[in-house]
Amino acid sequence: MKRIRFGIIGCGLMGREFAVAAARWAHLTDMDCAPEIVAVCDANAALFPWYTDNFASIGQTTEDYRALLDNPQVEAVYCAVPHHLHEEIYCAVVRAGKHLMGEKPFGIDLPANDAILACLAEHPSVFARCSSEFPFFPAVGRIARMIESGAFGRIIEVGAGFLHSSDLDPQKPLNWKRIVRFNGEYGCMGDLGMHVCHVPFRAGWIPCNVRAVLSNIVPRRPDGHGGVEACETWDNATLLCDAVDPAAGETFPMTLKTQRIAPGEKNTWYLKVLGTRASARFSTKNPKRLELLEYDGGEQVWGQIDVGCETCFKGITGGIFEFGFSDAILQMWAAFLYELEHGRPPSRFAGCATPEETALSHRLFTAALESQKTSTVVSMYKGENQ
Ligand SMILES: NC(=O)c1ccc[n+]([C@@H]2O[C@H](COP(=O)([O-])OP(=O)(O)OC[C@H]3O[C@@H](n4cnc5c(N)ncnc54)[C@H](O)[C@@H]3O)[C@@H](O)[C@H]2O)c1
């Protein structure tokens, strides 16, 4: 088993998820390479003991990411820091010649994303991908195979979304994800949008234009220190796009929703594809349920399939057992290491989001901000109203 030595920059919520995925690597049965965490960096040193208590392989803890990048042991970096730091730190990782798994949105805005992609273009030996785990749910894998085989026929409509509900509570205090200078102008689109775009973009369903309606539903929140502060980020975004189905060459409506205030939706990622020959629906609300309608001219009947642990990367869990969030994270990391090692994913949809897909998402979210401002449909290509 080849070991790939990783450093983590940003040891918060997502840094720990990666660390635990690395600790669970024995779950995967067919991998020929594995991550080994040798260094961790965070501005908050209080986070280090959890890592060093659990990972004997960690030889470096530092509050300065430059020190981690100077460590010759480190071959690859997972960077999970607030969005205003993506450009600076991702570019530093790439210039140091380390492979990069960056978190979304891969730059706080379009200029930051452009700068990261330009840096990657100057360092072609660096392998870089963006984190996005939901396509690794087994039911989504089935939908992906249907897309690949053309099973849907002509695409009639696509809907994808990621819905949260905890911000319905107006007393929930602000954190960096609710402050424009740290999270970015995109608001909920920057936070949740790449998750929603990944499968449609991989399918080649590229938006030509967008009409966006964005809402800031709770404009002030407790600051967590007894005061109240402006909460300027967009809470909810609904994007209606003309998308092109490359197989048919025809346009269809695609609706992408990212919402932080969707009552009752704790962490719901969904995908709905309607086609002339088949239709499919999946939501993490019922994580093993795939709804399917296959149409051959007879009755139009929606059926339900319980999809078990049919994973892209084989593991020890029995095929009938349930799959969850941390399994999706493990699968995503398997996809990153597999592609780093083998140069391509095992199949089209079993790969992490590419830098080019993040660039497309930035063009879409930037056009969406313009659409909101002008109340018009904004072209993805010319920056002109249509
Ligand atoms: N893939 C997913 O499902 C998912 C889920 C949540 C967040 N994210 C993304 O992950 C990234 C981090 O989010 P999070 O939820 O882990 O945030 P978090 O606040 O839990 O962790 C971020 C960490 O970065 C550290 N940090 C801040 N400045 C730093 C610096 N200069 N040097 C080193 N460390 C620094 C903070 O101390 C904190 O521990 C964001 O890009 C976010 O959009 C992805």
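Please treat every number below as a calculation from the coordinates, not as lab data. Note that the structure is predicted; figures quoted are calculated from it, not measured. Neighbour counts are summed over all protein chains in view; Cβ atoms, including those assigned to glycine, are modelled from backbone coordinates with ideal geometry.
Between residue 73 and residue 255, the distance separating the two model label sites (each 7 Å from Cα on the Cα→Cβ line) works out to 5.2 nm. Taking each DSSP H run with n ≥ 4 as -39500 (n - 2.57) and averaging over every residue of the chain yields -9000 deg cm²/dmol at 222 nm. Taking max minus min of the alpha-carbon positions on each principal axis, the chain gives extents of 63, 50, 42 Å, largest first.
For the chain, the tally of Lys pairs with Cα-Cα distances below 20 Å comes to 18, considering only residues 8 or more apart or on different chains.
The slack in the chain from residue 248 to residue 123, taken as 0.36 nm per residue of separation less the alpha-carbon distance, amounts to 41.3 nm. Spacing of the modelled spin labels on residue 182 and residue 277, each 7 Å from Cα toward Cβ, amounts to 5.0 nm. Under a 5 Å amide H cut-off, with hydrogens placed 1.01 Å from N, residue 260 pairs with 164, 236, 237 among residues at least 5 apart or on other chains. Exposed loop sites are taken as trypsin sites (Lys or Arg not before Pro) in a DSSP loop (any state but H, G, I, E or B) with at most 11 other beta carbon atoms within 10 Å; the longest stretch of the chain without one runs 1-265.
If the chain between residue 229 and residue 356 were fully stretched, how many nm would it gain, using 0.36 nm times the residue separation less the Cα-Cα distance? Show your work: numbers first, answer last.
Values: separation 127, 0.36 × 127 = 45.72 nm, distance 3.59 nm.
Result for the pair: 42.1 nm of gain on full extension.
Note on residue 54 and residue 16: the extension gain reaches 12.6 nm, defined as 0.36 nm multiplied by sequence separation minus the Cα-Cα distance.
Using alpha carbon coordinates only, what is the Rg to Rh ratio of the stretch 2-130, with Rh defined as the Kirkwood radius? Before the final figure, lay out each step's value.
Numbers: Rg = 14.1 Å, Rh = 14.7 Å.
When Rh is taken as the Kirkwood radius, the ratio is 0.96.
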